[in-house]
Amino acid sequence: MANLGIPQNTIAVLQKYNFNFQKKFGQNFLIDTSVLDRIISAAEITKEDCVLEIGPGIGTMTQYLAESAREVVAVEIDKALIPILQDTLSEYDNVTVINEDILKVDINRIVQEKNEGRPIKVVANLPYYITTPIIMGLFESHVPLKSITIMVQKEVADRMQVGPGTKDYGALSLAVQYYAKPQIVANVPPNCFMPRPNVGSAVIRLTRYEQPPVLVQDEKKMFALIRASFNQRRKTLVNGLTNAPELKLTKEAVAEALEKMNLSPTIRGEALTLEQFAKLSEMV
Ligand code: SAM
């Protein structure tokens, strides 16, 4: 099968199957071989690796993954793409395509079946409408992972990488940085996709920590505090946390904890580091 990273080959496949792009599935197919090479090299795929691809589309990146990995599992929601994938991936015996919604599939079971429960790598040109639930789902369900190398909206990649005191800093930054070390590896303009998206894109690699960078006894509690602080970004931390009914915190309790941590009583959540959120969750 011809390399689908070359635009004419993608066009030929789309015409052969009379394929209609579905906007609701965030379908923007990659048509740039140098970007594909960059993703594969950033993910450091070897013949030992089992790779999960989310949203293979017509199989462009899947071909690259099949060449470099031992085993590839590709989960695609759009059933119109399944016969196309059977065709474009017919040469490979190390690829399994699953026609499912990635948010519903049991990824831990896939890892058990295909990699005996050992950590896998995730590589994807993600559908942008569900970037956050996909990433959080992978981390929170504790899927055994080495790394996640993904194409996302540029702005979202920035959010994952920044620290306190910037406008992009938020719950996603903290969650990603608790579980993994983020590194933007390429910026990708709209003309590398068919059809072109309305936004810039970036490839980011999230390398899973074996041990989180901060110690917390109750992860759930820390993330509840983080969510409550950023839900009400304009409010002080004391007000943000006491307004969140699920936390059941009093103003006095939060103020006392802040004082013990030598933080101002009028500080906002967006000024706190991951370490400070971890400490706060132990104190309130
Ligand atoms: N990997 C291909 C490429 O790079 O050319 C396609 C990437 S396209 C941005 C996103 C793909 O994810 C589409 O094929 C879309 O149908 C698929 N998709 C969208 N929502 C999905 C979901 N919930 N579960 C699995 N796949 C999904």
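Between the helical axis of 274-283 and the dominant principal axis of the chain, each derived from Cα atoms, what acute angle in degrees is found, rounded to the nearest 10?
Once rounded, the angle reads 50 degrees.
Please report the relative contact order for region 147-284, taking Cα pairs under 8 Å with a sequence separation of at least 6, and give it as a percent rounded to a whole number.
So the answer I get is 25 percent.
Carbon-plus-sulfur fraction of the accessible area of the chain, 1.4 Å probe, in percent?
Carbon and sulfur atoms account for 49 percent of the accessible area of the chain.
On a full-extension model of 0.36 nm per residue, what is the gain between residue 224 and residue 261, subtracting their alpha-carbon distance, rounded to one decimal in nm?
Result: 11.4 nm gained on full extension.
Residue by residue through region 226-235, which ³J(HN,Hα) values in whole Hz follow from phi under the Karplus form 6.51 cos²θ - 1.76 cosθ + 1.60 (θ = phi - 60°), with glycine and proline marked x?
Residue by residue, region 226-235 yields 4, 4, 5, 5, 8, 5, 10, 4, 7, 8 Hz.
Can you list the GluC sites (Glu not before Pro) in region 11-84 that are in a DSSP coil and have 15 or fewer other beta carbons within 10 angstrom?
Here the sparse-neighbourhood loop sites are 44, 48.
Once the piece of chain linking residue 91 and residue 106 is laid out straight, how much longer is it, given 0.36 nm per residue of separation minus the C-alpha distance between them?
2.7 nm
Each label point is 7 Å from the Cα along the Cα-to-Cβ direction; what then is the distance between the points at residue 168 and residue 250, in nm?
4.2 nm
Take the alpha carbon atoms of region 30-104, find their center, do the same for region 189-218, and report the distance between the two centers in whole angstrom.
18 Å
List the relative contact order of region 1-107 as a percent without decimals, with contacts defined as Cα pairs under 8 Å and 6+ residues apart.
Over region 1-107, the number comes to 24 percent.
Determine the per residue accessible area of the chain with all protein chains present and a 1.4 angstrom probe, expressed in square angstrom.
Heavy-atom SASA per residue in the chain reads 48 Å².
Where does helix 33-43 land angle-wise versus the long Cα axis of the chain, in degrees 0 to 90, nearest 10?
The answer is roughly 50 degrees.
In whole Hz, what ³J(HN,Hα) sequence does region 124-131 give by Karplus (6.51, -1.76, 1.60; θ = phi - 60°), x for Gly and Pro?
3J(HN,Hα) across region 124-131, in whole Hz: 6, 9, 6, x, 5, 5, 10, 4.
Using modelled backbone amide H atoms (1.01 Å from N, in-plane), which distant-in-sequence or interchain residues come within less than 5 Å of residue 267's amide H?
Placed amide hydrogens put 237 under 5 Å from residue 267.
Which of the chymotrypsin sites (Phe, Trp or Tyr not before Pro) found in region 188-226 are in a DSSP loop and have at most 14 neighbouring Cβ atoms, other than their own, within 10 Å?
209
Using only alpha carbon pairs under 8 Å that are at least six residues apart, calculate the relative contact order of the chain and give it in whole percent.
Relative CO of the chain lands at 15 percent.
How large is ³J(HN,Hα) for each residue in region 90-96, as worked out from phi by the Karplus curve 6.51 cos²θ - 1.76 cosθ + 1.60 (θ = phi - 60°), to whole Hz, x for Gly and Pro?
4, 6, 9, 9, 10, 10, 10
How large is log10 of I(q)/I(0) for the chain at q = 0.10, 0.14 Å⁻¹ when the intensity is taken from the Debye formula with one equal scatterer per alpha-carbon?
Taking Cα atoms of the chain as identical point scatterers yields -0.58, -0.97.
Cβ under 12 Å from residue 164's Cβ, residue 164 left aside: what net charge do those residues give with Lys, Arg +1 and Asp, Glu -1?
-1
Based solely on its DSSP helices, what 222 nm [θ] is calculated for the chain when runs of n ≥ 4 H residues each add -39,500 (n - 2.57) and the sum is averaged over all residues, nearest 500 deg cm²/dmol?
My calculation for the chain gives -11500 deg cm²/dmol from helical runs alone.
May I ask for the angle, rounded to the nearest 10°, between helix 251-260 and the longest principal axis of the chain, with both axes built from Cα atoms and the value confined to 0 to 90°?
Helix 251-260 sits at roughly 90 degrees to that axis.
Reachable lysines from residue 23, Cα under 25 Å, same-chain residues fewer than 8 places away excluded?
79, 104, 154
The values are calculated or read from the model by the stated rules, or taken from the named source; none is laboratory data. Because the structure is predicted, anything quoted here is derived from the model rather than measured. In this analysis, Cβ positions are derived from the backbone assuming ideal geometry, glycine residues included, and neighbour counts consider all displayed protein chains. We work out accessible area using only protein heavy atoms, side chains counted, and drop any ligands, DNA or RNA first. Shrake-Rupley method; radii C 1.70, N 1.55, O 1.52, S 1.80 Å.
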